[in-house]
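Working notes, structure below.
The values are calculated or read from the model by the stated rules, or taken from the named source; none is laboratory data. None of the values given here were measured: they were computed from a predicted structure. Every residue, glycine as well, gets a Cβ built from its backbone with ideal geometry; the counts of neighbours run over all protein chains shown.
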Amino acid sequence: MGEDPFGINRHTIEAIVNEVAQVSRLGVEIGIVIGGGNIFRGVAPGAAGMDRATADYMGMLATVMNALALQDAMRQAGISSRALSALNIEQVVEPYIRGKAIRYLEEGKIVIFAGGTGNPFFTNVTAAALRGSEMGAVIVLKATKVDGVYTADPKKDPRAQRYARISFDEAIVKNLKVMDATALTLCRDQKLPINVFSIFKKDALRRVVLGEDEGTLVHV
């Protein structure tokens, strides 16, 4: 949503497409699990009083809207991509089928995974861990507002220090909120490393992929 209070900011989505395009040109296979918090979030104040499952389904539909917007922006940038949804809305977007997603990746297309896991009570971060495991990904990259995992909240504690590397077990024991426990445990069990980095830092995605010191690597 960029600087807007909600919705899809064109400049922001174009910047994201540019970051992804840099990595795609390196020949890297990319799958993107997209959120929907800029439109609706099941655990947000706006969902107060709603049935949790209903609110979560609304959030999943928001991810489909974002996936379509991202796919269209990629098309305009000359990037081949496919959006697949865990929710079955075939008139709008292709349904998620593991074999089809793998084939698209092998063809060099960027795959955008929408609809979360298709189930309420699971976050989009858990969806990223799940899809990463299913696709046989080398790493899960969590693009977020901060440039890594810190010893404390850097906005509240000026002494907070960024971890360059940290183990899954240490992140869980210290409750560092790298991601929700379900996602963190799944990645640990699958020996699937995670790198947390800032989506707002120019060229950060490329530096992460090239193995440079960017963000925080969470490993077994």
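Take the residues in the stretch 23-49 that are under 25 Å from ALA137 (Cβ atoms) and over 17 Å from the mean Cα position of the chain (by Cα); name whichever of them is surrounded by the fewest Cβ atoms within 10 Å (Cβ to Cβ).
GLY27
Scan the stretch 132-144 and tell me whether some residue there is within 24 Å of ILE13 (Cβ to Cβ), at pLDDT below 95 and either under 17 Å from the mean Cα position of the chain (by Cα) or among the charged types (D, E, K, R) (or both).
yes
Within the set of pairs 6 or more residues apart or between chains, which connect a residue that is part of a loop (DSSP other than H, G, I, E, B) inside the stretch 104-131 to a residue that is modelled with pLDDT under 95 and acidic (Asp, Glu) with Cβ atoms less than 6 Å apart?
Close Cβ pairs (under 6 Å, with a partner that is modelled with pLDDT under 95 and acidic (Asp, Glu)) amount to PRO120/ASP56; THR123/ASP180.
So which residues in the stretch 23-75 are β-branched (Val, Ile, Thr) and farther than 19 Å from TYR104 by Cβ? Reasoning before the result, please.
Going residue by residue through the stretch 23-75, those that are β-branched (Val, Ile, Thr) are 23, 28, 30, 32-34, 39, 43, 54, 63-64.
Within the stretch 23-75, ILE39, VAL43, THR54 qualify.
Hey, does the stretch 87-99 have a residue that's under 16 Å from the mean Cα position of the chain (by Cα) and among the aliphatic types (A, V, I, L, M)?
The answer is no, given that none of the residues of the stretch 87-99 is under 16 Å from the mean Cα position of the chain (by Cα) and among the aliphatic types (A, V, I, L, M).
Among the residues of the stretch 31-72, how many are touching a residue at least 60 places away in the same chain (Cβ under 8 Å) and not in a helix (DSSP H, G or I)?
7
For the stretch 107-153, enumerate the residues that are of a type in the set (Lys, Arg) and surrounded by fewer than 17 Cβ atoms within 10 Å (Cβ to Cβ).
Initial filter on the stretch 107-153 (of a type in the set (Lys, Arg)): 109, 131, 142, 145.
The one that is of a type in the set (Lys, Arg) and surrounded by fewer than 17 Cβ atoms within 10 Å (Cβ to Cβ): LYS145.
Just a yes or no: is a residue in the stretch 164-175 in a loop (DSSP other than H, G, I, E, B) and at pLDDT below 90?
Start the filter on the stretch 164-175 by keeping residues that are in a loop (DSSP other than H, G, I, E, B), which leaves 164, 174-175.
If we keep only those that are at pLDDT below 90 as well, we get 174-175.
Yes; the residues of the stretch 164-175 include at least one that is in a loop (DSSP other than H, G, I, E, B) and at pLDDT below 90.
Working only within the stretch 166-212, note down all residues that are touching a helix residue (DSSP H, G or I) at 6+ places or on another chain (Cβ under 8 Å) and either outside the structural domain of TYR150 (by TED's automatic domain parsing) or of a type in the set (Asp, Glu) (or both).
ASP169, ASP180, ASP203
Just the residues that are under 25 Å from PHE122 (Cβ atoms) and in a loop (DSSP other than H, G, I, E, B), please, taken from the stretch 177-220.
LYS177, VAL178, MET179, ASP180, GLN190, LYS191, LEU192, PRO193, ILE199, GLY215, VAL220
Could you tell me which numbered condition PHE168 fails, if it satisfies all but one of (1) among the aromatic types (Phe, Trp, Tyr); (2) more than 21 Å from THR117 (Cβ to Cβ); (3) out of contact with any Ser or Thr (no Cβ under 7 Å at 6 or more places or on another chain)?
Result: PHE168 fails condition (2) only.
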